[in-house]
Amino acid sequence: MTKYSLYGKMVLYALLRRRSRMVVALLAVAIGATVLSGLVTLYYDVPRQMGREFRSYGANLLLLPDGDNQVMPEQAVQLAAGSLPQGKVIGMAPYLYDRVLINSQPIMAAGTDFAAVKKVSPYWQITGQWPAPGSGGAVVGAEVAELLRLKPGQTVTITVPGAEQEKKLPVAGIVHTGGSEEDFIFVELPLLQQWLGKPGLVSVAQVSVQAGEGELTAWMQQTAGTGGGITPRLVKQLTQSEGLVLGKLQALVYLVTLIVLLLTLICVATTMMAVVTERRKEIGLKKALGAENRSIVLEFLGEGMVLGGLGGLLGTGCGFYFAQVVSLQVFARPISFQPLIALAAFGAAVAVAGLACLIPVRMATGVEPATVLRGE
Amino acid sequence: MNILELQGITMDYGTVKALDDVRMTVKQGEWLAIMGPSGSGKTTLLNIIGCMDKPSGGAVILDGVDLSTLSSKGLTAIRREKIGLVFQQFHLIPYLTALENVMVAQYYHSMPDEEEALAALARVGLKDRARHLPSQLSGGEQQRVCIARALINYPALILADEPTGNLDEANQNLVLEIFQTLHREGHTIVTVTHDPEVAARAERCIVLGHGRIAGEQRMCKPAPEGRPADNKEEQCQCG
């Protein structure tokens with residue numbers, strides 16, 4: 001038997017001998033590691049998940065014409081959108097606005113790309129259906145539909161001011177958003193551009209980007225003054241809400257993790273203090289046999305490390321399971337295993353258990369063999 | 001040659017003088033018994049000799065080293081290198097086998113050596129019980145494991161505090177025979193006891209009273225010849 005194997009046996013058997021105490025300490029470490037691993041995994045994944053959720057509330061970036069211009073080139077819009085962080089653009093919906101007449105009533109018309117609208121504004125609720133690409137179909141806002149008593153499948157006659165010709169379009173669907181979209185009639189962008197004689201021009205582009213306020217602001221600063229007749233503007237309400245929610249979530253994660261780790265520390269420290277008190281004679285004997293304080297410290301730290309290691313392993317596994325369940329329940333999406341987070345949670349569990357041993361170890365080194373080994 | 005020399009040792013616990021100007025020497029290979037009534041300072045003296053306590057005054061010279069000049073770490077090293085301790089309560093680690101209990105002393109000294117530890121157990125007649133836990137051993141067997149542990153690092157001095165205090169007569173004799181064998185082999189032994197039978201096996205006996213040396217008796221037949229004193233009248237009168 002080598003020095004290391006005897007050390008290992010002493011550490012392991014000392015733990016096994018006080019099973020009930022050690023199971024309590026082990027559970028404390030495991031719960032701490034579970035919360036740490038679970039919350040951090042969730043926190044790592046939540047911005048991504050929340051970002052997707054927030055993106056369902058619509059565009060967070062607008063591209064507008066420079067200065068007093070009413071329109072801007074569609075090509076410049078594409079160029080600007082192309083410089084956004086790769087892979088983070090959910091969609092970009094261009095709009096061209098103008099007033100048209102329907103049954104002699106002025107109604108706002110918007111030409112757009114319906115496929116892009118589906119991505120940028122997934123909150124649109126359509127009664128009927130989206131127009132098929134190239135079908136020339138229209139989507140009518142709920143308010144307009146009510147005013148004109150339009151239903152999906154009917155035909156709407158539109159007159160463009162300045163052009164005497166009337167345009168007849170099939171109504172594919174009625175849109176309900178609870179917002180200003182309900183006062184519009186939406187047609188395909190090329191159609192309206194052609195009617196208005198504004199080919200290749202748009203009034204605004206709504207962009208949905210999976211990025212925080214800081215990242216978007218940095219991008220805006222980068223693109224400012226590069227020309228192209230485009231002025232980007234953040235949809236502050238959305239970007240700030242997203243940042244606010246994530247910030248609060250982050251604070252909550254930090255706070256809960258800190259409290260749980262502190263409780264773990266207290267639980268393990270209390271258990272180890274009780275163990276040291278129970279083992280005063282054994283410590284005294286070892287010191288009488290010539291054990292230096294360093295050896296006693298190493299033995300108790302070893303016990304702490306084993307507790308931390310086992311609890312950390314158990315907790316890291318449970319933490320991932322916990323995060324997976326929460327993610328599936330709340331976001332209906334699975335999360336991926338993050339080895340670095342697992343490693344960090346395991347390391348933190350070992351570190352907390354080690355730290356919790358410091359006070360008991362100090363107690364252990366203070367044991368006087370002459371006092372504890374005194375004959376009875 | 002003196003292996004141990006006490007020069008005017010005093011030990012104060014507040015106003016209580018546990019030891020008062022104790023002076024004595026122990027020769028290499030000698031077996032000394034320290035006797036005295038309860039509270040006479042026997043265990044305090046043994047703790048000081050065993051480097052587990054520091055005296056309030058005086059000097060302890062062990063194997064040429066003045067213990068009073070040593071730090072706590074230095075005293076630990078002396079305990080590890082030069083002293084073998086035998087306790088009345090055995091003090092074995094309950095979750096380790098007899099063999100591992102012996103190896104623990106090696107562990108703190110240098111390196112555990114299973115063969116050597118087994119040989120030490122064989123020497124006290126416990127080779128067959130090497131893999132047993134202390135709870136599976138009788139009191140006498142536990143004390144013999146304790147003696148094997150005390151011997152394993154070849155100490156210059158064996159200190160035994162009431163080594164037979166918890167044993168029945170048969171086991172007491174067995175343990176004392178081991179001590180006699182060790183003495184014959186040249187080991188230096190200091191035994192604290194209140195039992196005249198135990199003291200009678202020693203070569204010399206010192207009596208403590210109120211922290212002072214109250215008397216000293218040399219046995220008529222020194223132990224290195226391998227025999228306890230036969231004549232009761234010539235035995236230690238300390239008790």
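What the table shows:
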{"item": "Chain A: angle of helix A:3-17 to the longest principal axis, Cα-based, in degrees nearest 10", "result": "80 degrees"}
{"item": "Whole-number Å³ per residue for the convex hull built on Cα positions in the range B:1-55", "result": "77 Å³"}
{"item": "DSSP beta bridge pairing in the range A:59-234, given as percent antiparallel to the nearest 5", "result": "80 percent"}
{"item": "C-alpha long axis of helix A:293-330 to longest principal axis of chain A, angle in °", "result": "30 degrees"}
{"item": "Residue (of A:212, A:93, A:136) at the positive-pole extreme of the range A:59-234, dipole from beta-carbon charges", "result": "A:136"}
{"item": "Cα pair distances of the range A:1-156 binned at 10 Å [whole percent]", "result": "8, 21, 21, 14, 8, 8, 8, 8, 4, 1, 0"}
{"item": "Heavy-atom accessible area ranking, 1.4 Å probe, most first, across A:248, A:9, A:281", "result": "A:248, A:281, A:9"}
{"item": "Residue A:248 versus residue B:5: modelled label distance in nm, points set 7 Å from Cα along the beta carbon direction", "result": "8.2 nm"}
{"item": "Net dipole in debye of chain A [+1 Lys, Arg Cβ; -1 Asp, Glu Cβ; about Cα centre; nearest 20]", "result": "2140 debye"}
{"item": "Semi-axes of the equivalent ellipsoid for the range A:114-208, Cα gyration tensor, largest first, Å", "result": "20, 18, 12"}
{"item": "Anisotropy class of chain B from Cα gyration tensor, a/c 1.5 cut", "result": "oblate"}
{"item": "Orientation-averaged projected area, Cα convex hull of the range A:59-234 (nm²)", "result": "10.1 nm²"}
{"item": "26 Å Cα-Cα threshold exceeded, pairs from A:167/A:198; A:118/A:168; A:118/A:248; A:118/A:151; A:281/B:42", "result": "A:118/A:248"}
{"item": "Hydrodynamic radius by Kirkwood, which averages 1/r over all alpha carbon pairs of the protein assembly as shown, in angstrom", "result": "31.7 Å"}
{"item": "Cα centre as origin, Lys/Arg/Asp/Glu Cβ charges: the range A:174-250 dipole, Debye", "result": "240 debye"}
{"item": "Cα centroid separation, the range A:171-247 to the range A:133-158 (Å)", "result": "23 Å"}
{"item": "Candidate residues A:99, B:204: accessible-area rank, largest first, probe 1.4 Å", "result": "A:99, B:204"}
{"item": "The protein assembly as shown, helix-only ellipticity at 222 nm - DSSP H runs n ≥ 4, -39,500 (n - 2.57), divided by all residues, nearest 500", "result": "-15500 deg cm²/dmol"}
{"item": "Using alpha-carbon coordinates, inclination of helix A:339-356 to the longest axis of chain A, degrees", "result": "40 degrees"}
{"item": "Alpha-carbon centroid distance for the pair the range A:265-339 / the range A:53-113, whole angstrom", "result": "57 Å"}
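The values are calculated or read from the model by the stated rules, or taken from the named source; none is laboratory data. Please read these numbers as outputs of a predicted model, since none were measured by experiment. Glycine gets a Cβ as well: all are built from the backbone with ideal geometry, and neighbour counts include every protein chain shown. Accessible surface is based on the protein model in full, side chains and every heavy atom, while ligands, DNA and RNA are left aside. Shrake-Rupley method; radii C 1.70, N 1.55, O 1.52, S 1.80 Å.
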